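> Would you mind keeping the following structure in view while I ask a few things?
Each reported figure results from applying straightforward, stated rules to the coordinates on display, with no laboratory input. Since this is a predicted model, take the numbers as computed values, not measurements. Cβ placement follows ideal geometry from the backbone for every residue including glycine, while neighbour counts extend to all protein chains displayed.
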2 protein chains.
Amino acid sequence: MTNENTGKGRVTVRRIAEEAGLTIGSVSSVLNNKHVERRISPATVAKVRETAARLGYMPNINARRLRSGSESLNTVTLAVITSYEAPLTLVNNIIKAIRTSVDQERKEGSPYHYTVTIEMFPAGDLGSVPGLLAGSHFNAAIITNTTPKDDHFLQRNQLPYPVVLVNRATPGYAHVYEEPEIGASAADMLVDAGRKRLAVLHGSPVTQVIDNRTSSFMRQVSERLGAPVHEIVAGTLTESAAAEAMARFFDGGKRIDGLYAVTDGMALGAYHAIKQAGLTIPDDVAVVAAGDYNFSSLFDPPLATVGADPREQGAEAVRLLLDLIHQRRSRKTDVVMPGNPSPRASVGQA
Amino acid sequence: MTNENTGKGRVTVRRIAEEAGLTIGSVSSVLNNKHVERRISPATVAKVRETAARLGYMPNINARRLRSGSESLNTVTLAVITSYEAPLTLVNNIIKAIRTSVDQERKEGSPYHYTVTIEMFPAGDLGSVPGLLAGSHFNAAIITNTTPKDDHFLQRNQLPYPVVLVNRATPGYAHVYEEPEIGASAADMLVDAGRKRLAVLHGSPVTQVIDNRTSSFMRQVSERLGAPVHEIVAGTLTESAAAEAMARFFDGGKRIDGLYAVTDGMALGAYHAIKQAGLTIPDDVAVVAAGDYNFSSLFDPPLATVGADPREQGAEAVRLLLDLIHQRRSRKTDVVMPGNPSPRASVGQA
DNA sequence: CGACATTGCTAAAACCTTTTTTCTTTAGCA
DNA sequence: TGCTAAAGAAAAAAGGTTTTAGCAATGTCG
């Protein structure tokens, strides 16, 4: 049984009321299971239920929340906005950080309720997020995994609500971003370990963060070695795409002794391809990656990383956003996350 | 500058209007940047802006969405509900599946707009999710990572809107769950490889899925070997907790030749501990895990898994939910995901 | 048999916005 | 001066829902 609502717009309580020959109020009482206290007769209850089911009634959540409860008065809607293609690990950390902070506030007696929504956009098309410009869908947002194109969009259109960008700095917004020189630190690790023939492994989408990691690495290598860097480009930022790209690279007969992967997930893929090619880490190829996961120390051999702790980064972004929302201007408006180098066995360090 | 709203309830446009000696309509025009077309004087614009900023105005999103746009008429709010403690990998897959399905529908001319919200609850306290019983916050939900306690809650309180449980089957709900016998398949893999001294590695929270994986493994081992199974319990379901628990186990002088990890992330932790202990995989210890990630084939050695593809599982849950929402009853109401065994090197198979 | 409850429903207010319509002032011009 | 036009702001309507107050008919009881 498909619903019988034939094109006359969405089914509302009013529509049900008309159809059933009743008042909006009575219908509402039944639909909210208040028919006992409101003394609605069983026959009426049945009729309303039947009609609602037949028409495929779906309540308008906005109207419902608007009307009911002082609770709605203090509801703040937060959006986490990310591109489709990017890995969700950072988003996870942000979501968890939001829920943690919010619960904390709650315990401290804040009257606010928070709702968290997720919006995704095709990389480069941030503008397609509904309600983004008007602010009609949320009160504040954390935006991440943007491409340079998206950042330009943000610069052209100043969003009229509190926003924290987890990304490269963009004028006019609060932001949290990892120290830009982590690619350089990675280069240092490899060069200091005596490696000469280096490669960088990256892929699409080329978000600002990825671009940053890549370019600072290449710049530093060029500065210290004066040698070119192999650029190995995977189709996506996934582990398996990384493995494939590396395998292709080795099949091409190319040889390197040091590799920088822009995410540690990609490094895992690279590990596999390297071992597959009969090479050892770090003796034949030293590997270092930017750290997104928190378990790269469990790789075999433990993976050297340089990078900001993504959990800390998520927490910092949320802290910033809540400060903006509550107009606590005492706090700073942007945060650079230090990229702690963790030299580990994959570059020959204990 | 903290906002000056002193406890008189939330700041609304009305409040701003009073404070500024204007009408609601004028205030609204300014706040929506319509002051040019609506011919509001610059002085008034400034006054409104100043007042809004001073009071810390935050628009009521529900009221805004209710009023503006036919778009709001066809908005469906979907919730993804999960426990805090559980890993978000399944949730990721669900979110991505939602966005994909929804875009697909969109292209096919569906008039609906979808909003996705995330709700989290402390494991065992599903009831604390706001709006859960009344359905006042969303039109439909996918609920996952529940504990047995949560499932009882769901059974006692039938939720008055479409719900898909990603979990063990619960009467009265549509559900997607992985084939219950995957623990048994894992046991078979280990026993068939000639392993006799087996252990299972799990941790909190003990969701239905985890419980299922564990108990079917133990049952099958007991049936086939008649021998007891070591139960190694990690603090959480994370990689590092798994590594620690395994290290403790080995430190206790215990010896095993086969291990079943309830998630492949935990298997990664176990790998590390096993190698740390000077043992090799699979010669000394064969390892098999239930597959949550999609890169376990890149582990060293490639990890044997039995498990449902989490991407497929997410997609299936979303398909089910949309069917329920649109009352397409032709489709089935529950789905059992087959647990495809992937024997790999970690159990001595190519 | 009149006061009073109970039943089952209707009517209307309220939630907070946005948008459209209407009204009042002021300015411009002949 | 008398009229029109423009500017600026007020007023009202609309959006879907829940809840409160109330009304008419019927039943109960002293």
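> At a Förster distance of 51 Å, what's the computed FRET efficiency of A:HIS230 paired with A:ARG106, Cβ-Cβ distance as r, to 0.05?
0.50
> Okay, next question. Considering the Cα positions of the protein assembly as shown, please state its Rg to one decimal place and its Dmax as a whole number of Å.
27.6, 87
> Roughly what % of Cα-Cα distances in segment B:116-188 sit above 22 Å, to the whole percent?
Counting pairs separated by more than 22 Å, the tail of P(r) holds 23 percent.
> With just the Cα atoms of segment A:13-67, tell me how far they stretch along each of the three principal axes, in Å, largest first.
Largest to smallest, the principal-axis extents are 30, 24, 15 Å.
> Short version: ³J(HN,Hα) in whole Hz for each residue of segment A:83-95, in order, from phi by Karplus 6.51 cos²θ - 1.76 cosθ + 1.60 (θ = phi - 60°), x for Gly and Pro, what are they?
Listing the rounded values in order: 7, 4, 6, 6, x, 8, 5, 5, 4, 3, 5, 5, 4 Hz.
> I've got another one for you. Among B:ALA63, B:ALA315, B:LEU259, which residue has its Cα positioned farthest towards the positive end of the charge dipole of the protein assembly as shown, with +1 placed on the Cβ of Lys and Arg, -1 on the Cβ of Asp and Glu, and the dipole taken about the Cα centre?
After comparing all options, I get B:ALA63.
> Which ³J(HN,Hα) values, rounded to whole Hz and listed in residue order, are derived for segment A:332-338 from phi using the Karplus coefficients 6.51, -1.76 and 1.60 in 6.51 cos²θ - 1.76 cosθ + 1.60 with θ = phi - 60°, glycine and proline given as x?
Each residue's phi maps through the Karplus curve to give 6, 9, 8, 9, 9, 7, x Hz.
> Within segment B:14-91, which GluC sites (Glu not before Pro) sit in a loop by DSSP and count at most 14 neighbouring Cβ atoms inside 10 Å?
B:GLU37
> One decimal, nm, shortest first: give the distances between the label point of A:ALA46 and those of the same position in the other copies, each label point 7 Å from Cα along Cα→Cβ.
Spelled out, the distances from A:ALA46's label point are 6.9 nm.
> Now, a different point. Taking the Cα centre of segment A:136-208 as origin and charging only Cβ (+1 Lys, Arg; -1 Asp, Glu), how large is the dipole, in debye to the nearest 20?
260 debye
> Going through segment B:91-165, which GluC sites (Glu not before Pro) have at most 11 other Cβ atoms within 10 Å and a DSSP loop state?
Within segment B:91-165, the qualifying GluC sites (Glu not before Pro) (loop, at most 11 other Cβ atoms within 10 Å) are B:GLU108.
> Taking every DSSP beta bridge that has both residues in the protein assembly as shown, what percent is antiparallel when rounded to the nearest 5?
10 percent
> Now for a separate question. Hey, what angle do you get for helix B:42-55 against the long axis of chain B, alpha-carbon based, 0 to 90 degrees rounded to 10?
40 degrees
> Any idea how far apart A:GLN155 and A:SER41 come out in nm if each label point goes 7 Å out from Cα toward Cβ?
Distance between the two pseudo-spin positions: 7.1 nm.
> Measure nothing fancy, just the Cα-based angle from helix B:182-192's long axis to the longest principal axis of chain B, in degrees from 0 to 90, nearest 10.
That works out to roughly 30 degrees.
> Using 10 Å bins from zero, what percent of all Cα-Cα pairs in segment A:1-150 falls into each bin?
Calculated over all Cα pairs of segment A:1-150, the distribution is 10, 26, 23, 24, 15, 2, 0 percent.
> Would you work out the charge dipole size for chain B about its Cα centre, treating the Cβ of every Lys and Arg as +1 and the Cβ of every Asp and Glu as -1, and quote it to the nearest 20 debye?
In total the dipole reaches around 1600 debye.
> Among the lysines, which have Cα under 30 Å from the Cα of A:LYS254 when same-chain residues fewer than 8 positions away are ignored?
The qualifying lysines are A:LYS196, A:LYS275.
> I've got another one for you. Which distances, shortest first and in nm, link B:TYR161 to the matching position in the other copies, using label points set 7 Å out along Cα to C-beta?
Label point to label point, same position, other copies: 1.9 nm.
> Something else: When the convex hull of the Cα atoms of segment A:182-246 is projected onto a plane and the area is averaged over all directions, what value comes out in nm²?
4.1 nm²
> Can I ask one more? Given the options A:ILE24, A:ALA53, A:ALA43, identify the residue whose Cα lies farthest towards the positive end of the charge dipole of segment A:13-67 (+1 on Cβ of Lys, Arg; -1 on Cβ of Asp, Glu).
Positive-most Cα among the choices belongs to A:ILE24.
> Between segment A:289-350 and segment A:138-179, what's the alpha-carbon centroid distance in Å?
The distance from the Cα centre of segment A:289-350 to that of segment A:138-179 comes to 19 Å.
> Taking every DSSP beta bridge with both residues inside chain B, roughly what % is antiparallel (nearest 5)?
So the antiparallel bridges in chain B amount to around 5 percent.
> Shifting gears a bit: For the protein assembly as shown, give the magnitude of the charge dipole about the Cα centre (Cβ charges: +1 Lys/Arg, -1 Asp/Glu; no others), in debye to the nearest 20.
2920 debye
> Only sites in a loop by DSSP and with at most 10 other Cβ atoms within 10 Å count here; which trypsin sites (Lys or Arg not before Pro) in segment B:18-82 make the cut?
Counting only loop positions with at most 10 other Cβ atoms within 10 Å, the trypsin sites (Lys or Arg not before Pro) in segment B:18-82 are B:ARG39.
> So how tilted is helix A:310-325 from the main axis of chain A? Cα-based, degrees 0 to 90, rounded to 10.
50 degrees
> How high is the relative contact order of segment A:13-67, in percent, counting Cα pairs under 8 Å that sit 6 or more residues apart?
Computed value for segment A:13-67: 33 percent relative contact order.
> Once the label point is placed 7 Å from Cα along Cβ, list for B:ASP334 the distances to the corresponding points in the other copies, in nm, shortest first.
Label point to label point, same position, other copies: 5.4 nm.
> Let me ask another. Out of B:PRO302, B:TYR114, B:PHE153, whose Cα points farthest toward the positive end of the dipole of chain B (charges: +1 Lys, Arg; -1 Asp, Glu; placed on Cβ)?
It is B:TYR114, whose Cα lies furthest towards the positive end.
> Go from 0 up to the bin containing the longest alpha carbon distance in segment B:217-350, width 5 Å each, and give me the % of pairs per bin.
Result, from short to long distances: 2, 10, 17, 19, 17, 12, 8, 6, 5, 3, 1, 0 percent.
> Report Rg/Rh for segment B:42-90, rounded to two decimals, where Rg is the Cα radius of gyration and Rh the Kirkwood radius.
1.26
> Here's something else I'd like to know. May I ask you to work out the translational diffusion coefficient for chain A at 10 °C, viscosity 1.306 mPa s, via Stokes-Einstein with Rh from the Kirkwood sum over Cα pairs, reported in whole µm²/s?
Calculated translational D: 68 µm²/s.
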